[in-house]
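Remarks on the structure that follows.
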Amino acid sequence: MKRVQDKICLVTGGARGLGLAAAEALLAEGAKVMITDLDQAAGETEVARLRKLGFAIRFMVQDVSSEEQWDQTLEQTAHIWGGVDVVVNNAGVAALADVEKESLKHWKATLSVNLDGVFLGTQAGIARMKSRGGSIVNIASIEGLIGEPLIPAYNASKGGVRLFTKSAAIHCARAGYKIRINSVCPGFAETQMVGAAVASLPPDEAKVFVERTLARIPMGRFARPDEIAKAVLFLASDESSYMTGSDLVVDGGMTA
Ligand SMILES: NC(=O)c1ccc[n+]([C@@H]2O[C@H](COP(=O)([O-])OP(=O)(O)OC[C@H]3O[C@@H](n4cnc5c(N)ncnc54)[C@H](O)[C@@H]3O)[C@@H](O)[C@H]2O)c1
């Protein structure tokens, strides 16, 4: 028996990066996976590749900040496989601007994906799972634990994800639903999100930023996406059956 054998899993922002790595880890352990993303071309390419390898995976276009699209996504997933057991709220955005340069428009755009999207996905997941049980994994960040002057909106959104996760987890446990809700707090991982943020800085500032960040990580390197995916797999699986409302930090010791 594999670790998430036959569990029906939805992973948002699954076309690349940590979402794709989570989807691959779940598939390798026997899950059926729906990935969703705004990026249709990348999502379809990855799904075609993984289906050729024999995995049960589908793709849908979804904007996680749209309430109606959540209903459609879960409806379609249930239509294909008969329900949903795991929701991984992974889709997220980040762009650099300190508090003085941050605009209200950008602040709201960040919170709408990173925080509203997680709220909507958790709420929709609970509605579908409350009679059958399940696991919801919300991707927060170490940036929900500590401040970083270049990403105030991202910090606020990820701190929000951590505490929102705890609130929803307590509610479900007290209500007697067999739904566990946890967050993962990754440190810096090698994905396009980090690459694009670094590339948006002037080259000399980018070099200093990377050097300073690496110096703050006791393990001296960024994470590979599969190293974060293993934490998601654990929380999705029944191996974490006594965990709810926790925030699992995977950061090479950066916040230790
Ligand atoms: N990479 C890191 O170092 C790191 C660290 C901590 C937390 N995280 C979090 O992990 C998650 C994944 O990050 P990543 O590094 O893989 O990023 P990424 O930019 O490589 O991938 C994010 C994916 O989300 C999709 N997406 C963006 N907005 C969306 C929306 N509104 N609806 C649906 N999909 C949308 C993008 O198209 C993309 O495919 C994010 O929540 C991020 O904040 C990343």
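We did not get these values from a lab; they are worked out from the coordinates using the rules stated. Owing to the predicted nature of the structure, the values given are computational and were not obtained by experimental measurement. Cβ placement follows ideal geometry from the backbone for every residue including glycine, while neighbour counts extend to all protein chains displayed.
Here are the numbers for this structure:
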| read-out | value |
| --- | --- |
| Virtual paramagnetic centre 7 Å along Cα→Cβ of Ala95, amide N under 19 Å, in region 49-82 | 63-66 |
| Pairwise FRET efficiency - Ala175 versus Met1, Cβ, R0 = 25 Å, nearest 0.05 | 0.30 |
| Cleavage-rule hits (trypsin sites (Lys or Arg not before Pro)) in region 98-175: DSSP loop, at most 14 neighbouring Cβ within 10 angstrom | Lys101, Arg132 |
| Val249 long-range amide H proximity, modeled H, under 5 Å | Cys185 |
| GNM flexibility winner over the chain from Ala56, Ala15, Ala25 (Cα, springs under 10 Å) | Ala56 |
| Taking region 75-205 and dividing mean pair separation by its residue count, relative contact order in percent (alpha carbons under 8 Å, at least six apart) | 29 percent |
| Centre separation in Å (Cα based) which lies between region 183-225 and region 62-132 | 25 Å |
| Angle in degrees between helix 152-174 and the longest Cα principal axis of the chain, rounded to the nearest 10 | 30 degrees |
| Where trypsin sites (Lys or Arg not before Pro) fall in DSSP loop in region 179-237, at most 16 other Cβ within 10 Å | Arg216, Arg221 |
| Under 5 Å, built H, 5+ apart or other chain: amide partners of Asn138 | Asn89, Asn182, Ser183, Val184 |
| Whole-number percent relative contact order across the chain, with pairs defined as alpha carbons under 8 Å at least 6 apart | 20 percent |
| DSSP-assigned coil residues among GluC sites (Glu not before Pro) in region 80-161, each with at most 12 further Cβ atoms within 10 Å | Glu100 |
| Contour excess over end-to-end distance, with Cα ends at Gln123 and Ala28 and 0.36 nm allotted per residue | 31.5 nm |
| Over the chain: helical MRE at 222 nm, DSSP H runs n ≥ 4 each giving -39500 (n - 2.57), nearest 500 | -14500 deg cm²/dmol |
| Approximate spin-label separation Gln192-Ala206, in nm, with each point projected 7 Å along Cα-to-Cβ | 1.6 nm |
| P(r) histogram, all alpha-carbon pairs of region 132-179 included - 5 Å bins from 0, percent | 5, 22, 24, 17, 13, 10, 6, 3, 0 |
